[in-house]
1. So for the stretch 186-193 (the condition being farther than 27 Å from LYS49 by Cα and either within 15 Å of the ligand (Cβ to nearest atom) or open to solvent by 50 Å² or more (accessible area, probe 1.4 Å) (or both)), does at least one residue qualify?
2. Considering every residue within the stretch 133-146, establish whether at least one is hydrophobic (A, V, I, L, M, F, W, C), within 18 Å of the chain's Cα centre (by Cα) and farther than 24 Å from LEU66 by Cα.
3. Would it be correct to say that TYR217 is of a type in the set (Phe, Trp, Tyr), over 18 Å from the mean Cα position of the chain (by Cα) and modelled with pLDDT of 95 or more?
4. Quickly run through the stretch 203-217 and pick out the residues that are within 8 Å of the ligand (Cβ to nearest atom) and exposed (fewer than 14 other Cβ atoms within 10 Å of the Cβ).
5. ALA86: in contact with a Pro (Cβ under 6 Å, 6 or more places away or on another chain) and either open to solvent by less than 50 Å² (accessible area, probe 1.4 Å) or at pLDDT below 90 (or both), yes or no?
6. Failed condition for CYS200, given (1) open to solvent by less than 50 Å² (accessible area, probe 1.4 Å); (2) within 15 Å of GLY12 (Cβ to Cβ), with all others met?
7. Given the condition polar (S, T, N, Q), out of contact with any strand residue (DSSP E or B) (no Cβ under 6 Å at 6 or more places or on another chain), part of a helix (DSSP H, G or I) and more than 16 Å from the ligand (Cβ to nearest atom), answer yes or no: does some residue in the stretch 125-134 qualify?
8. For the stretch 164-185, name all the residues that are in a helix (DSSP H, G or I), among the aliphatic types (A, V, I, L, M) and either within 11 Å of the ligand (Cβ to nearest atom) or closer than 15 Å to LEU20 by Cβ (or both).
Amino acid sequence: MNREKAVVVFSGGQDSTTCLFWAKKHFKEVIALSFDYNQKHRLELECAKDICDRHGVEFHILNMDLLSQLAPNSLTRKDIAVDKNAPKQGTPNTFVDGRNLLFLTFAAVFAKQRDIHVLITGVSQSDFSGYPDCRDVFIKSLNVTLDLSMDYSFDIMTPLMWINKAETWKMAHELGVMDVIKEETLTCYNGIKGKGCGACPACKLREKGYQEFQEEYL
Ligand code: ZN
């Protein structure tokens, strides 16, 4: 199996950017794939491209318009506000049905054409936000399905699966890319790069993790 190359599912956010640099450390050749699913914040794709350009990573955007057409959600529709707090039941409205399933499936098709077996994604079960497709059991199940569907052996790697946000900051610190994460990534649901708006759930999670990282590891 060719384990020198890897495809990273890349959004330009904190988690996938940390994974991108983790991949650069472990693989000779890394290709980043972003998906255009009509997300409100077009800046997300620009951020992703800028990070790749600046750090010498091959970058592609795949068109996934269909996703927002099928599954309207607060990340693609201007008329749906992002849930401020996690709902008591069900998934938050930032969850996009089928997103990780589709992204990883398309990433797998892309990878196979290039004789690549390793797919890397920044999903995490630890800071579980109620997203079913971030769970380890889903990733393992999809790995088997992809293998069977294409008669090819994929290895979906999830460096962040069992670590929390503070430990994700620690990983960035160890990889020597704290400044990249702090300044060049976009995690905020309100589309503000770097430190973000400070008020949305993604910003709060990011900031809380950073505080914990500083208290525990510095
Ligand atoms: Zn925010």
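1. Of the residues in the stretch 186-193, the ones farther than 27 Å from LYS49 by Cα are none.
No, the stretch 186-193 has no match at all.
2. Pass one, the stretch 133-146, residues hydrophobic (A, V, I, L, M, F, W, C): 134, 137-139, 142, 144, 146.
Next, only the ones that are within 18 Å of the chain's Cα centre (by Cα) stay: 134, 137-139, 142.
Subset that is farther than 24 Å from LEU66 by Cα: 137.
Yes, the stretch 133-146 has at least one match.
3. On the way: of a type in the set (Phe, Trp, Tyr): yes; over 18 Å from the mean Cα position of the chain (by Cα): yes; modelled with pLDDT of 95 or more: no.
No, not satisfied.
4. Hits for the stretch 203-217: nothing passes.
5. Values: in contact with a Pro (Cβ under 6 Å, 6 or more places away or on another chain): yes; either open to solvent by less than 50 Å² (accessible area, probe 1.4 Å) or at pLDDT below 90 (or both): yes.
It is true that ALA86 is in contact with a Pro (Cβ under 6 Å, 6 or more places away or on another chain) and either open to solvent by less than 50 Å² (accessible area, probe 1.4 Å) or at pLDDT below 90 (or both).
6. Just one mismatch for CYS200, condition (2).
7. Here is the first cut: in the stretch 125-134, the ones polar (S, T, N, Q) are 125-126, 129.
Restricting the remaining residues to those that are out of contact with any strand residue (DSSP E or B) (no Cβ under 6 Å at 6 or more places or on another chain) gives 125-126, 129.
Remaining after also requiring part of a helix (DSSP H, G or I): none.
Scanning the stretch 125-134 turns up no residue that is polar (S, T, N, Q), out of contact with any strand residue (DSSP E or B) (no Cβ under 6 Å at 6 or more places or on another chain), part of a helix (DSSP H, G or I) and more than 16 Å from the ligand (Cβ to nearest atom).
8. We begin by selecting, within the stretch 164-185, every residue in a helix (DSSP H, G or I); these are 165-175, 178-184.
Checking the rest, the ones that are also among the aliphatic types (A, V, I, L, M) come to 166, 171-172, 175, 178, 180-181.
Answer for the stretch 164-185, where residues must be in a helix (DSSP H, G or I), among the aliphatic types (A, V, I, L, M) and either within 11 Å of the ligand (Cβ to nearest atom) or closer than 15 Å to LEU20 by Cβ (or both): MET171, ALA172, LEU175, MET178, VAL180, ILE181.
The values are calculated or read from the model by the stated rules, or taken from the named source; none is laboratory data. Nothing here was measured: the structure is a model prediction, and the numbers come from that model. Positions of Cβ are backbone-derived with ideal geometry, glycine not excepted, and every protein chain shown enters the neighbour counts. Ligands, DNA and RNA are excluded from the accessible area calculation, which covers all protein heavy atoms including side chains. Shrake-Rupley method; radii C 1.70, N 1.55, O 1.52, S 1.80 Å.
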